[in-house]
Amino acid sequence: MTHLPSKSVAGELDILRQIRARVGAGRRTGMRLGIGDDCALLRLQAGEEVAVTTDLSIADRHFRLDWHTPESVGHRTLARGLSDLAAMGARPIAAFLSLGLPRALTVDSQNGTRSWADRFYDGLLALAATYKTPLGGGDLAESPIALADIVLVGAVPAGRALLRSGARAGDFLYVTGSIGGSAAGLEQLGHWNSAGDKKSARKIPSRLAEPLAPHLYPQPRISQGLWLQRRGVATAALDISDGLSTDLAHLCEESRVAAEVDAAALPVHPGASLAQALHGGEDYELLFAARATARLPRSIAGVAISRIGRIVARRREQPAVTLLTAEGPRPLEAQGWEHFS
Ligand SMILES: [Mg+2]
């Protein structure tokens, strides 16, 4: 990787050599030089600016070693970063990953099962290939707890990034895909884990693959973010990482507006509750505002677009976000997902 820790994990050089061999060249994205030198070299196209985001995942806080497969943890680590690039309408250039792992997770088991770290990279690199995001460097060190810190670098035409701050009263509110699926999947994952014998290395049964997919393998909305940025139709945007109620409050705060959400218009994921759709985080869908006159398609790159409400003027003593239901309006408090706390 671009930097080696002074205190090396056993077999670390082997791991790094293997990773380097598996990481594709990134010349087409703008990464001129990746793993192997002291720094990666990135080159922007004329008129672009750099978008940078960082995201820390910690065992028992953002994932559980006894619940999540290593492939899923790798996938989710990169998906979180890519989703932030999507929210800005940026194209990915490269990812940089620092991993801290207990030694046991870096070695193959005695019966020949590949190490946790290897399988983590399987998940991460598969998603990296899908979104043509080369791994440009990082670090690996022994740590008492498992943690993954990812940095994503992207590019966006100067002055054209999608910000949280541009929504105005009268705009409509939209969301990509469906919401609540990750929280519903996590709930099922919890039920399944508490029902079984945790000591044995059990594989997630195929009947759970589909309901758990939004939680274990969320898809960042890179194509949809790029579409919105290129068309210039979104006045404000962000990704739903903490839950609609919390992320919409962020958008209202940054844009100094309020919002009304139609409960009946929410694209609730099949199997998810309204509460999970409103407050469950980690869906990684895009939430955006657009002028009422803007024409939006029913779907962008195969992902549905739903109009879920509108932006209204902020008034003193009034809630930032109001939920419109059949029983009447009620304030929608920000109750973002609290993971495992
Ligand atoms: Mg975000």
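The values are calculated or read from the model by the stated rules, or taken from the named source; none is laboratory data. The model shown is predicted, which means the values in this text are computed figures rather than measured ones. Because the Cβ atoms are built from the backbone with ideal geometry, glycine has one as well, and the counts that use them run over all protein chains shown.
Within the span defined as segment 70-83, one or more residues are of a type in the set (S, T, N, Q), touching a Leu at 6+ places or on another chain (Cβ under 7 Å), within 16 Å of the ligand (Cβ to nearest atom) and not in a strand (DSSP E or B). Scanning segment 239-275 for residues that are farther than 12 Å from SER178 by Cα, more than 13 Å from the ligand (Cβ to nearest atom) and in a strand (DSSP E or B) gives ALA258, ALA259, GLU260, VAL261, ASP262.
Of all the listed residues (TRP116, TRP67), the sole one being crowded, with 21+ Cβ neighbours inside 10 Å and over 27 Å from ARG28 (Cα atoms) is TRP116.
So for segment 55-62 (the condition being of a type in the set (Asp, Glu), closer than 21 Å to GLN219 by Cβ and assigned to a strand (DSSP E or B)), does at least one residue qualify? Yes: one or more hits. ARG103 satisfies every condition listed in (1) closer than 30 Å to GLY30 by Cβ; (2) surrounded by fewer than 20 Cβ atoms within 10 Å (Cβ to Cβ); (3) touching a residue at least 60 places away in the same chain (Cβ under 8 Å) except (1). Considering segment 34-56, the residues that are closer than 22 Å to ALA90 by Cα and buried (at least 18 other Cβ atoms within 10 Å of the Cβ) include one that is modelled with the lowest pLDDT, namely GLY34.
A search for C-beta distances below 8 Å between a residue of segment 243-254 that is more than 16 Å from GLU285 (Cβ to Cβ) and any residue that is among the polar types (S, T, N, Q) and more than 13 Å from the ligand (Cβ to nearest atom), counting only pairs 6+ apart in sequence or on different chains, returns GLU254/SER165. Comparison of ALA301, ALA290, ALA320 shows that the only residue that is loosely packed, with under 14 Cβ neighbours inside 10 Å and hydrophobic (A, V, I, L, M, F, W, C) is ALA301. Candidates are the residues of segment 84-110 that are small (Gly, Ala, Ser) and closer than 15 Å to SER143 by Cβ; the one that is farthest from the ligand (Cβ to nearest atom) is ALA104.
Candidates GLU338, GLU260: the one that is surrounded by fewer than 22 Cβ atoms within 10 Å (Cβ to Cβ) and modelled with pLDDT under 95 is GLU338. You will find that of ALA169, ALA155, ALA141, ALA184, the residue that is in contact with a strand residue (DSSP E or B) (Cβ under 7 Å, 6 or more places away or on another chain) and crowded, with 19+ Cβ neighbours inside 10 Å is ALA155 and no other. Collect the residues in segment 277-298 that are modelled with pLDDT of 95 or more and either at positive phi or among the polar types (S, T, N, Q) (or both), keeping them in residue-number order. Hits for segment 277-298 are TYR284, THR293.
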